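Okay, structure first, notes after.
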Amino acid sequence: MTHTPRKRFGQNFLHDHTIIYNILSSLQATSEEHWVEIGPGMGALTEPLLTMGLHLDVVELDRDLVALLKDKFKQQDKLQIFSADALKFDFSALPQHNEKLRIIGNLPYNISTPLMFHLLDNSACIEDMHFMLQKEVVDRICAIPGSKKYGRLSVMMQYYCTTELLFDVPPESFDPAPKVMSAIVRLVPHEQPPVTVNNLKMLNRVVIQAFSQRRKTLRNSLKKLIDENAIIALNIDPASRAEVLSLADFASLSNLLIEEDLT
Ligand code: SAH
């Protein structure tokens, strides 16, 4: 069976065997584990995963590919194929014996951010996640305070998980080749959040507001939300910019706003 890649589904199929091997080796998968692959496509990662003897669920949106996968892997009794949109899929229904899921995907770049947050809503049932993403996005996820790429995605992702760039993947590794460089990121949800956040929506709001004009000082960018003296009382310099604040700083700003809301 042949398949013509569909742009609207973000289809860039991996065909570089060295890269596939490198991804697989970095996973250290074992046969007792429960794995979930998002967007298996034509099975470039699915096939080597199955040879490891693990339990694998895959979620694919393109019905033609679902048919192709069902045919290709009809002998595999440890594989379940779900024909579904991963953005709406209930991942928390997959574990069977309280085991945690290990997730992998060469993700369609247009849905990668909402999909990661959808998964993190269920992070209690997730052991770790390995994703192929645009390198630019991986750099932003992993950025530390003070760097140019540090922003909303860094703060919010680092609230949920430890983040690590494993390696870069050049465009030629895919068919068709995307225009940009890609990279593999490892995300491991924290057992306990690294900081206390009383209300995640408020954290999100403060972070969006603070980074909405990166070049402004906090005194100005947060003017509508929080008084300068209150910022000082949290030991944060109101003359600094959002990009130097740590996750803990954002947490204390958002917790203060929640307290104020209640009074
Ligand atoms: N893993 C394969 C395919 C990567 S291309 C490989 O590495 O070669 C991205 C895959 O995600 C495609 O198969 C595409 O059809 C699928 N996809 C796109 N949007 C999706 C969604 N919302 N839910 C599940 N799969 C999706």
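The values are calculated or read from the model by the stated rules, or taken from the named source; none is laboratory data. All figures in this text were calculated on a predicted structure; none of them were measured in a lab. Positions of Cβ are backbone-derived with ideal geometry, glycine not excepted, and every protein chain shown enters the neighbour counts. Ligands, DNA and RNA are stripped out before the accessible areas are found, and what is left, the full protein with its side chains, is counted by its heavy atoms. Shrake-Rupley method; radii C 1.70, N 1.55, O 1.52, S 1.80 Å.
Name the pairs whose Cβ atoms lie under 6 Å apart, with the first residue in the stretch 62-91 and away from the ligand (no atom under 13 Å from the Cβ), the second in a helix (DSSP H, G or I) and among the acidic types (Asp, Glu), and 6 or more positions between them or separate chains?
Sorted first by the residue in the stretch 62-91, then by its partner, the list stays empty.
Within the stretch 159-192, how many residues are away from the ligand (no atom under 16 Å from the Cβ) and out of contact with any helix residue (DSSP H, G or I) (no Cβ under 8 Å at 6 or more places or on another chain)?
Number satisfying all stated conditions: 4.
List the residue pairs whose Cβ atoms are under 8 Å apart, where the first residue sits in the stretch 1-30 and is in contact (Cβ under 8 Å) with a residue 60 or more places away in the chain, the second is of a type in the set (Ser, Thr, Tyr) and more than 8 Å from the ligand (Cβ to nearest atom), and the two are 6 or more positions apart or on different chains.
Gly10/Tyr109; Leu14/Ser173; His15/Ser173; Asp16/Ser173; Ile19/Ser173
Hey, could you check the stretch 106-119 for residues that are touching a helix residue (DSSP H, G or I) at 6+ places or on another chain (Cβ under 8 Å) and either more than 12 Å from the ligand (Cβ to nearest atom) or open to solvent by less than 30 Å² (accessible area, probe 1.4 Å) (or both) and say which is farthest from Met181 (Cα to Cα)?
Leu119
Out of the residues in the stretch 185-229 that are small (Gly, Ala, Ser) and free of Cβ contacts under 8 Å to residues at least 24 places away in the same chain, which is nearest to Glu260 (Cα to Cα)?
Ranking the candidates gives Ser221 first.
Which numbered condition in (1) at pLDDT 95 or above; (2) open to solvent by 10 Å² or more (accessible area, probe 1.4 Å) is the only one that Arg8 fails?
If we test Arg8 against (1) at pLDDT 95 or above; (2) open to solvent by 10 Å² or more (accessible area, probe 1.4 Å), just (1) comes out false.
Determine whether Lys100 is open to solvent by 20 Å² or more (accessible area, probe 1.4 Å), basic (Lys, Arg) and within 24 Å of Val185 (Cβ to Cβ).
yes
Considering the stretch 246-263 alone, what residues qualify as being under 21 Å from Arg152 (Cα atoms) and either in contact with a helix residue (DSSP H, G or I) (Cβ under 7 Å, 6 or more places away or on another chain) or open to solvent by 90 Å² or more (accessible area, probe 1.4 Å) (or both)?
Leu247, Phe250, Ala251, Leu253, Ser254, Leu256, Leu257, Ile258
Pairs only if they're at least six apart or on different chains, beta carbon under 7 angstrom, first in the stretch 34-45 and assigned by TED's automatic domain parsing to the domain that holds His97 and without any contact (Cβ under 8 Å) to a residue 60 or more places away in the chain, second within 6 Å of the ligand (Cβ to nearest atom) and open to solvent by 10 Å² or more (accessible area, probe 1.4 Å); list them, first residue then second.
Pro40/Glu60; Met42/Phe13
Take Glu32 and decide whether it is surrounded by fewer than 20 Cβ atoms within 10 Å (Cβ to Cβ) and within 15 Å of Leu101 (Cβ to Cβ).
On the way: surrounded by fewer than 20 Cβ atoms within 10 Å (Cβ to Cβ): yes; within 15 Å of Leu101 (Cβ to Cβ): yes.
Yes; evaluated as a whole, the condition is true for this residue.
Is one or more of the residues making up the stretch 93-105 under 13 Å from Phe9 (Cβ atoms), within 9 Å of the ligand (Cβ to nearest atom) and of a type in the set (A, V, I, L, M, F, W, C)?
Looking through the stretch 93-105, none of the residues is under 13 Å from Phe9 (Cβ atoms), within 9 Å of the ligand (Cβ to nearest atom) and of a type in the set (A, V, I, L, M, F, W, C).
With respect to Val207, determine if the residue is out of contact with any strand residue (DSSP E or B) (no Cβ under 8 Å at 6 or more places or on another chain) and not hydroxyl-bearing (Ser, Thr, Tyr).
Yes, satisfied.
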